[in-house]
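Dropping a structure here in structure tokens format, bear with me for questions.
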Amino acid sequence: MASFEYAESMCRIRKNVLEMLSDRGYVVQESDVLGYEQFKQKFGDSFNRDELSIKACKAKDPEAQIYVFFPDDVRIGVTHIKKYIDRMKSENATRAILVVQQNLTPMAKRSIQEVSQAYHMEVFQEAELLVNINKHSLVPEHQVLTNEEKKKLLERYTLKETQLPRIQHADPIAKYHGLERGQVVKIIRESETAGRYVTYRYCI
């Protein structure tokens, strides 16, 4: 039976993942975002993490699907990665998020890299998702530009993308929004003088 603290943490993590998917443009029903009592009613007092899996599609492109897996095993190796890739193949999903309890084995990381051209798999530690950093008062609004929006921005200011200020691929807010290398994010900050102050960052 899962302890109260463990179940409460997993409820919070799953809720934050759903909010993250919504912020990325995936369809998330309000009824899917569960409070602790609802979480207990749906998954019971005794559950394994695999039962918490999520599947969602983009609001603007229903064919663009993503899976979120919560591996039950603490140590994740190549066998686990292959299992999840096979599930993605069977469901025609090309993106996935793994919410893990500890770092992957080096072989598992290599396995993800080997299939990265066809399947994009992100890895989050549980601790990274206990709090929704996008809701923090010190974190400004971030909007990921489409390729067309990025092109128009660079043309407007006669810039090369590498001339923009940079944001690291591993930056927590970049991870939250699923930023990929080469993408540009628009950052909107509140300003006492200008009302809103807009900057852009190029993901490296």
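Every read-out reported here was derived from the displayed coordinates using simple, explicitly stated rules and does not represent laboratory data. Since the structure is predicted, the reported quantities are computational estimates derived from the model, not experimental observations. Every residue, glycine as well, gets a Cβ built from its backbone with ideal geometry; the counts of neighbours run over all protein chains shown.
Which residue fluctuates the most in the chain, going by a Gaussian network model with Cα springs under 10 Å, if the choices are Q102, Q41, Q65?
Evaluated over the chain, the most mobile residue of the options is Q41.
Turning to a different aspect of this structure: Net charge around E30, counting only other residues with Cβ within less than 12 Å of its Cβ (Lys, Arg = +1; Asp, Glu = -1)? Don't skip to the end; give the middle numbers.
Values: positive: K15; negative: E19, D32.
Residues near E30 contribute -1 overall.
If you wrap a convex hull around the alpha carbons of region 52-173, what volume per residue comes out, as a whole number of Å³? Write down the numbers at each step before the final one.
Details: hull volume 18.6 nm³, N = 122.
Value for region 52-173: 152 Å³ per residue.
Please express the Cα-Cα pair-distance distribution P(r) of region 114-154 as a list of whole percents, one per 5 Å bin, running from 0 to the bin with the greatest distance.
For region 114-154, the binned pair fractions read 5, 15, 11, 14, 20, 21, 11, 3 percent.
Count charges around T162 for me, please; just the other residues with Cβ under 13 Å from its Cβ, Lys/Arg as +1, Asp/Glu as -1.
On the way: positive: K150, K160, R166, R181, R201; negative: E161.
In short, +4.
Going toward the positive end of the dipole of the chain, with +1 on Lys and Arg Cβ and -1 on Asp and Glu Cβ, which of P140, V28, I187 do you reach last?
The Cα lying farthest towards the positive end belongs to I187.
Sticking with this structure for a sec: Ordered by residue, what ³J(HN,Hα) values in Hz, to whole numbers, does region 97-113 give under the Karplus form 6.51 cos²θ - 1.76 cosθ + 1.60, where θ = phi - 60° and Gly and Pro are x?
10, 9, 9, 10, 8, 8, 4, 5, 5, x, 5, 5, 4, 5, 4, 5, 5
Within the chain, which is the longest segment that contains none of the GluC sites (Glu not before Pro) sitting in a DSSP loop with at most 14 other Cβ atoms within 10 Å?
Working: sites that count: E63, E91, E180, E192.
Longest gap between qualifying sites, sites excluded: 92-179.
Show the residues, 5+ positions off or on another chain, whose built amide H is closer than 5 Å to the amide H of V123.
L98
While we're here: Rg and Dmax of the chain, using alpha carbons, in Å: what are they?
Reported Rg and Dmax, both Å: 18.4, 60.
In nm, what is the difference between 0.36 nm times the number of residues separating E192 and N147 and their Cα-Cα distance?
13.1 nm
Then there's this: Counting only helical runs of four or more DSSP H residues, what would the 222 nm mean residue ellipticity of the chain come to if each run contributes -39,500 (n - 2.57) and the total is spread over all its residues? Don't jump to the answer; show the numbers that get you there.
Values: 6 runs with 66 residues, N = 204.
The helix contribution divided over the chain gives -10000 deg cm²/dmol.
Sticking with this one: Once a ≥ b ≥ c are taken as the square roots of the eigenvalues of the Cα gyration tensor of region 1-100, is the result rounded (a/c under 1.5), prolate (a/b larger than b/c) or oblate (a/b not larger than b/c)?
Working: a/c = 2.31, a/b = 1.19, b/c = 1.94.
Taking the square roots of the gyration eigenvalues as a ≥ b ≥ c, region 1-100 is oblate.
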